[in-house]
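A.B. asks: The structure's right below; bear with me while I get my questions together.
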Amino acid sequence: MIRITRQDGVQILRLDRPDKKNALTGAMYTDLAEALERGNTDPDIRCSLICGQPEVFTAGNDIGDFLQYAGKSGMTETPVVRFLRALVRNEKPLVASIDGIAIGVGTTLLMHCDMVFASPRALIRSPFVDLGLVPEAGSSLLGPQLMGHARAFELLCLGNAFSAEKALRAGLVNEVVEGDVDAAALACAREIAAKPTEAMALSRKLLRGDTEALFERVEEEIRIFASRLSAPETIAAFQAFMSKKKA
């Protein structure tokens, strides 16, 4: 589930499925998408903060749940796709707090955040190619822009894990926090929310630039991702993953 609270103009979105390492279900994606969409129109929401649980941000997709949704619609209108589109269309500042693992979409959503705080035990990894898939959430465009081609290739294609310090050096994380990472992220989100709203919105829009190319890349990734679900090497990779998980 997603626990949603508000504090001083900050919408706090806490991933709360610790028994499954915060693996994201369709219902959770829907809640996240609705929260970001709500933020676009609610003047009382001036910043959003995404955080997880101690030692786990998210293990990424709940594979079984995802395959059920993808099998019905071919991914075109799945909850995860709605969330990815909401990330691109999000108009309010977005902050993330990572403590522990951030896998798959737990990595790629960070590229849409304005500020990212990580604990020293954060571990960021995107094993898309290992599953016969391709990067998503516009990361194939944002990753090279943020980190350069070589580091983006290492993260998104080779699938290497990035420690908090390595993610900091790569520009994916703003600060590594030795103490309470959630508190540090919330303090930053509250500081953002306290600033002049229109000036903040205009400044953020200038920094982000035209997002149409990003939206088009997200749609292209979705089409390729969907086509890969029926590829023999992808099916074999998923079967091996599910067998290993059951074992």
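A.B. asks: Report, in debye and to the nearest 20, how large the dipole of segment 22-105 comes out about its Cα centre when Lys and Arg carry +1 and Asp and Glu carry -1 on their Cβ.
C.D. replies: Details: 7 positive and 11 negative charges, 55 e Å.
Taking the Cα centre of segment 22-105 as origin, the dipole is about 260 debye.
A.B. asks: Before rounding to the nearest 500, sum -39500 (n - 2.57) across all DSSP H runs of length at least 4 in the chain and divide by the residue total; then give [θ] at 222 nm in deg cm²/dmol.
C.D. replies: On the way: 11 runs with 121 residues, N = 247.
Calculated from helices alone, the mean residue ellipticity at 222 nm is -15000 deg cm²/dmol.
A.B. asks: Computed from the coordinates I sent, Rg and Dmax of the Cα atoms in Å equals one of (1) 17.1, 54; (2) 18.1, 55; (3) 17.3, 66. Tell me the label.
C.D. replies: Working out Rg and Dmax of the Cα atoms in Å from the coordinates points to (1).
A.B. asks: Helix 232-246 sits at what angle to the longest principal axis of the chain, using alpha carbons and giving 0 to 90 degrees rounded to 10?
C.D. replies: Helix 232-246 sits roughly 80 degrees off the main axis of the chain.
A.B. asks: Against the longest alpha carbon principal axis of the chain, how many degrees, from 0 to 90 and to the nearest 10, is the axis of helix 181-194 turned?
C.D. replies: 50 degrees
A.B. asks: At a 10 angstrom cut-off on C-beta neighbours, averaged per residue, how do the peptides 104-116, 131-143 rank from highest to lowest? Mind dumping the intermediate values first?
C.D. replies: On the way: 104-116: 24.2, 131-143: 22.6.
Output ranking for 104-116, 131-143: 104-116, 131-143.
A.B. asks: Could I ask something else about it? Hey, can you grab everything whose amide H is under 5 Å from the amide H of residue 50? Only 5+ residues off in sequence or another chain; H modelled, so Pro and N-termini drop out.
C.D. replies: Correct list: 13, 95, 96, 97.
A.B. asks: Go through segment 139-240 and name the chymotrypsin sites (Phe, Trp or Tyr not before Pro) that are in a DSSP coil and have 13 or fewer other Cβ atoms within 10 Å of their Cβ. Mind showing how you got there, number by number?
C.D. replies: Working: sites: 153, 162, 215, 225, 238; in loops: none.
Those that pass, being in a loop and sparsely packed, number zero.
A.B. asks: A follow-up question, please. Can you check what the net charge comes to around residue 13, using other residues whose Cβ is under 14 Å from the Cβ of residue 13 (Lys, Arg +1; Asp, Glu -1)?
C.D. replies: Values: positive: 3, 6, 14, 17, 38, 92; negative: 16, 31, 34, 37, 42, 182.
Around residue 13, the charge tally is 0.
A.B. asks: With unit charges on the beta carbon (Lys/Arg positive, Asp/Glu negative), name the residue among 4, 90, 137 whose Cα is farthest towards the positive pole of the charge dipole of the chain.
C.D. replies: The one lying farthest along the dipole's positive direction is 137.
A.B. asks: Roughly how many Å² is the accessible area per residue of segment 18-175, as a whole number, for a 1.4 Å probe?
C.D. replies: Values: 5850 Å² over 158 residues.
On a per-residue basis, segment 18-175 sits at 37 Å².
A.B. asks: Using DSSP to define loop residues, name the GluC sites (Glu not before Pro) in segment 174-247 whose beta-carbon has at most 12 other beta-carbon atoms within 10 Å. Each step should come with its number before you reach the end.
C.D. replies: Values: sites: 175, 178, 191, 198, 212, 216, 219, 220, 221, 233; in loops: 178.
Filter output for segment 174-247: 178.
A.B. asks: Counting only protein heavy atoms and a 1.4 Å probe, tell me what percentage of segment 72-179's accessible area is made up of carbon and sulfur. All intermediate terms of the calculation are to be shown ahead of the outcome.
C.D. replies: Details: 2190 of 3950 Å².
The C+S portion of the solvent-accessible surface of segment 72-179 is 55 percent.
A.B. asks: Using Cα centres only, tell me the gap between segment 196-247 and segment 108-156 in whole Å.
C.D. replies: Taking the Cα centre of segment 108-156 as reference, the centre of segment 196-247 is 10 Å away.
A.B. asks: Further question on the same structure: Put +1 on the Cβ of each Lys and Arg and -1 on the Cβ of each Asp and Glu in segment 152-247; which of 168, 184, 153 then has its Cα farthest toward the positive end of the dipole?
C.D. replies: Checking the options against the dipole of segment 152-247, the answer is 153.
A.B. asks: Could you tell me what percent of the DSSP beta bridges with both partners in the chain are antiparallel, to the nearest 5? Intermediate values should be presented prior to the final figure.
C.D. replies: Details: 9 of 30 bridges.
Just about 30 percent of them are antiparallel.
A.B. asks: Need one word for segment 72-208: rounded, prolate or oblate. Basis is the Cα gyration tensor (sqrt eigenvalues a ≥ b ≥ c); a/c below 1.5 gives rounded, then a/b vs b/c decides.
C.D. replies: On the way: a/c = 1.75, a/b = 1.20, b/c = 1.45.
In terms of gyration-tensor shape, oblate.
A.B. asks: Compute the helix-to-body angle for 212-228: its Cα long axis versus the longest principal axis of the chain, expressed 0 to 90° and rounded to tens.
C.D. replies: Between the helix axis and the principal axis of the chain, the angle is about 20 degrees.
A.B. asks: Rounded to the nearest 20 debye, what is the charge dipole size of the chain about its Cα centre when +1 sits on each Lys and Arg Cβ and -1 on each Asp and Glu Cβ? Don't skip to the end; give the middle numbers.
C.D. replies: Details: 29 positive and 32 negative charges, 70 e Å.
Magnitude of the dipole: close to 340 debye.
The values are calculated or read from the model by the stated rules, or taken from the named source; none is laboratory data. Only a predicted model underlies this, so the values are computations on that prediction, with no experimental measurement involved. In this analysis, Cβ positions are derived from the backbone assuming ideal geometry, glycine residues included, and neighbour counts consider all displayed protein chains. Calculation scope for accessible area: heavy atoms of the full protein, side chains included, ligands and nucleic acids excluded. Shrake-Rupley method; radii C 1.70, N 1.55, O 1.52, S 1.80 Å.
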